[in-house]
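No lab work stands behind these numbers, since they all come straight from the coordinates. From a predicted model like this one, the values you see are computed outputs, not experimental measurements. Glycine gets a Cβ as well: all are built from the backbone with ideal geometry, and neighbour counts include every protein chain shown.
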Amino acid sequence: MKKTLLLPIFAVMVFGGGIFAWKESQQGKPSEDSLTLYGNVEIRQVEVAFKVSERIRKMFAKEGDEVKKGALLATLDAEKFQASVALKQAELAAQQQLVAKLEAGSRKEDVDKARADLDAANTDEENAWRTYLRLKRLSERHFISEQRSDDAKTAADAAKARARAAEEVLKLEIAGPRTEDIAAAKSVLDADRAALSLAGMDLEDASLFSPADGIIQDRILEPGDMASSKTPVYTLALTDPVWVRAYVSESDLGRLKPGMAATVSTDSYPGKHYRGWVGYISPSSEFTPKSVETSELRTSLSYQVRIFVCNPENELKLGMPATVIIPLKNPVRAEPCGKE
């Protein structure tokens, strides 16, 4: 009698245990309809610094401010840079005038003066030679000393040399500046333009602008501090792109492809879902398996996945835990943020 009662009870227990074991085995299997991943929100950060060194004059942003690309964040004392620009402008203007003068060549008035100087030098030469010839004849007749005749000869030779020099000056005035001199002056002019451009860039760099849309995370320096290219003024958290860094097991790796649509949710905003897509799948695992590992251990490898997320209201913050659901049954390719 007791054995008869025990047999049905034992059969029920075996059947129930089988059902329980089947359910447990099914829970361990991945869903065919979707893949659920868990990760954290990540946002790129930029350290914003001046390109030139000087004391900070004004700062226009503080922690938590949302800024757009190109927004003015801070300025330096710019008097030194303004003076440098004025100096380079004056040097450039002077060199431009010099190049214009060389390219224009000799003025008509300069040529006429050189010609007149030559005529005067020729006249002086003729008079000097006539004076010498007269004194030479008188010296030969012993009316004057031979020394006076020699002095007249020296004066005539000097007058002749001055006439030849005046002739060369006239030729130079007619020919105008040398081509090499013009080329050299133009090279200096190019250098002055470059120096002015650099001075202008330094003046522009005395103002610090936001390189992208973002939120001021840290205000590191204050007005009066000495800024330099090696010292950040702000830390900017970029609002685009925003992604969730998650990890997928090796067994699920083949089910993912870049561009697949995804839905992201967080505990901070229950019931709210953010549109996203698979943007990056790591080509390598997080560790290299040892050759002695079994086939079971090899399947525990994990690969990093980045799911880019649309964050129009800037609700997703750096490090925030997030849940990602990726449909697998009818996967679709997601559209970029701003498009539906």
Item to complete: Using R₀ = 35 Å, calculate the FRET efficiency as 1/(1 + (r/R₀)^6) where r is the Cβ-Cβ separation of residue 272 and residue 225; round to 0.05.
Response: 0.30
Worksheet item: What is the sum of charges around residue 218, taking Lys and Arg as +1, Asp and Glu as -1, for the other residues whose C-beta is under 15 Å from the C-beta of residue 218?
Response: -2
Worksheet entry | Two-site label geometry, residue 179 and residue 130: point separation in nm, points 7 Å out along Cα→Cβ | 4.6
Practice prompt. Report the full-extension gain for the segment residue 195 to residue 329: residue separation times 0.36 nm, less the Cα-Cα distance, to one decimal in nm.
Written response: 41.8 nm
Worksheet entry | Label point distance in nm, residue 110-residue 97, each placed 7 Å from Cα along Cα→Cβ | 1.5
Worksheet, complete the sentence: For the stretch 84-201 (alpha-carbon point model, no solvent) the Debye-based log₁₀ I(q)/I(0) at q = 0.22, 0.23 Å⁻¹ works out to -1.06, -1.10
Worksheet, complete the sentence: Total charge of the residues flanking residue 108 in space, meaning their Cβ is under 13 Å from its Cβ, with Lys and Arg +1 and Asp and Glu -1, is -1
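With +1 on the Cβ of every Lys and Arg and -1 on the Cβ of every Asp and Glu, and nothing else charged, how large is the dipole of the stretch 84-201 about its Cα centre, in debye rounded to the nearest 20? It would help to have the intermediate numbers written out before the result.
Values: 20 positive and 22 negative charges, 57 e Å.
The dipole magnitude comes to about 280 debye.
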Practice prompt. Please list the radius of gyration and Dmax for the stretch 149-194, considering alpha-carbon atoms only, with Å as the unit.
Written response: 19.4, 64
Fill in: Under 13 Å from residue 272, Cα to Cα: aspartates and glutamates that are on another chain or at least 8 residues apart
313, 315
Discussion item. Between residue 284 and residue 33, what is the label-point separation in nm under the 7 Å Cα-to-beta-carbon projection?
Written reply: 3.9
Worksheet, complete the sentence: Violations at 23 Å Cα threshold for listed pairs 58/88; 230/317; 257/317; 136/160 -> 58/88; 230/317; 257/317
Practice prompt. Please list, or write none, the aspartates and glutamates whose alpha carbon is within less than 13 Å of the alpha carbon of residue 68, excluding same-chain residues fewer than 8 places away.
Written response: 213, 240
